[in-house]
Amino acid sequence: MGKELALLSESHNDELTRVEGDTPAGRLLRSYWLPVAVPLQLERRNPMPLEILGEKLVLFRYGEGKLGLTADKCAHRGTSLSAGSADVKTAGRIDKSGIRCPYHGWLYGPDGQCLDQPGEPPGSRLREKIRIRAYPVEEKYGLIWAYMGAGDAPAIPPVDAAARTDGYRLDTLGIWPCNYYQICENFVDPMHVSILHSETEFDTAQFHAIPTLRAVPTNLGLRMITGRPGYERQSEYLFPTGIRIALPFMEPALQLMFWVVPINDTRTLSVHSWFLHFPEGLSTGEREQRIGRVRKFLYEMDNSDPLHHATKIMQQDKFACASQGEIADRTVEHLGQSDVGVMMLRRLFREAVRDVSQGRTPRGVLRDAPEMLRFDNVS
């Protein structure tokens, strides 16, 4: 079968898309730290319900600002630790050592161990036998990260757009009503920019041109190289589900690190770190002017909530991905030569799935991370 008809079987499509339970893609994604929240969310609601990879979890701060991430159900009788209203005290109660169930007060530490059971008699050791599922969680680079895999956690990737401090950074979230892998494929499909994103900030003669495309594997994922008249643009796909790009219509270019995190098989969280570098000597007025331009771009359709940006470009991408269905049926598609990035991503993703199944470290897992991952070639 030629590249123009590179159909996937149903089983191969499931291998890429299904993340709930013990699935190939789920096991792969659990090999990496995943950004799951931004700190502002916990300022608004603590404890906070969270669903990742089909698991119902609760994220909370306790003690002196420490983080915990555990299963959302109390082991006693299954009451939620996060649901309900803090106003009438039906959510879990934050304790100096962890989180208490609002029903009978069982206390859980950040490792899921039950520490206290107020209704049990003195000397009872029942609590020692009770532990709920818990995962390592860290706040780093302005985001909250979770590691949901087995064994020692790798390094959290210090991607420049998230880790730099020599400018202005804004972190935002999005919810997509479709499977995560559709969004990943949109990342490695720069051809769509010339069509879908016309009449937006990309609406220039340069971006209207149909590009030349190359996809190059890297140790971290793959690089997309897009050629247009007088201009070559590169973007970096970072395993398992991230992309580092620059938006050149910002002057200087606005850097973006964009992560895709499956909520479950049919809903997806996106986490974005936007970074605007301030050159030395830039006046306060010039800084404010550039920040204003960034914010105008991010909230052009809705500025009611700074956590959830609403650009025309994002809405167009969301339409294109979600209209394929909750989980795209790749058994009936017809790929062409312009889908070179899509085809390479599928190949690399399936290789990574096999690596995990055979006990090897998949592409992009960092054991000893550098001080910062810089992508100066991204333009």
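Each value in this text was obtained by applying a stated rule to the coordinates, not by laboratory testing. What you see is a predicted model, and the numbers here were worked out from it, not measured in a lab. We place every Cβ from the backbone using ideal geometry, glycine too, and count neighbours over all the protein chains shown.
A few points about this structure:
- The chain: Cys lacking any partner C-beta under 4.7 angstrom: Cys114, Cys178, Cys184, Cys321
- Net dipole in debye of the chain [+1 Lys, Arg Cβ; -1 Asp, Glu Cβ; about Cα centre; nearest 20]: 920 debye
- Summed residue charge, Cβ within 10 Å of Gln324's Cβ, Lys/Arg positive, Asp/Glu negative: -3
- Here the Gaussian network model covers the chain, with springs between Cα atoms less than 10 Å apart; of Ala75, Ala163, Ala352, Ala75 fluctuates the most.
- Label-to-label distance, nm, for residues given as Phe319 and Leu7 (7 Å Cα→Cβ offset): 2.9 nm
- For Ala310, the residues whose amide H sits under 5 Å from its own are Tyr299, Glu300, Met301, Asp302, ignoring neighbours fewer than 5 places away on the same chain, with H placed 1.01 Å from N.
- Separation of the stretch 312-379 and the stretch 210-238, taken as the distance between their Cα centroids, equals 13 angstrom.
- Dipole in debye (nearest 20) - the stretch 105-186, about Cα centre, beta carbon charges: Lys, Arg +1; Asp, Glu -1: 280 debye
- Of the residues Tyr103, Ala161, Gly142, the one whose Cα sits farthest toward the positive end of the charge dipole of the stretch 77-163, with +1 on the Cβ of Lys and Arg and -1 on the Cβ of Asp and Glu, is Tyr103.
- Pairwise FRET efficiency - Arg93 versus Glu20, Cβ, R0 = 30 Å, nearest 0.05: 0.50
- Electrostatic dipole magnitude of the stretch 154-357 [Cβ: Lys, Arg +1; Asp, Glu -1; Cα centre; debye, to 20]: 320 debye
- Extension reserve of the Glu333-Ala253 stretch, reckoned as 0.36 nm per residue once the Cα distance is removed: 25.3 nm
- Sequence-distant residues sharing a close amide H with Leu282 (under 5 Å, placed H): none
- With a Förster radius of 25 Å applied to the beta-carbon distance between Ile195 and Gln289, the computed FRET efficiency rounds to 0.20.
- Unit charges at the beta carbon, dipole of the chain: most positive-side option, Ser85, Val193, His272: Ser85
- Identified option (computed Rg and Dmax of the Cα atoms in Å; candidates (i) 25.0, 82; (ii) 22.2, 78; (iii) 22.3, 70): (ii)
- Label-point separation, Arg267 to Thr361 (7 Å along Cα→Cβ), nm: 3.6 nm
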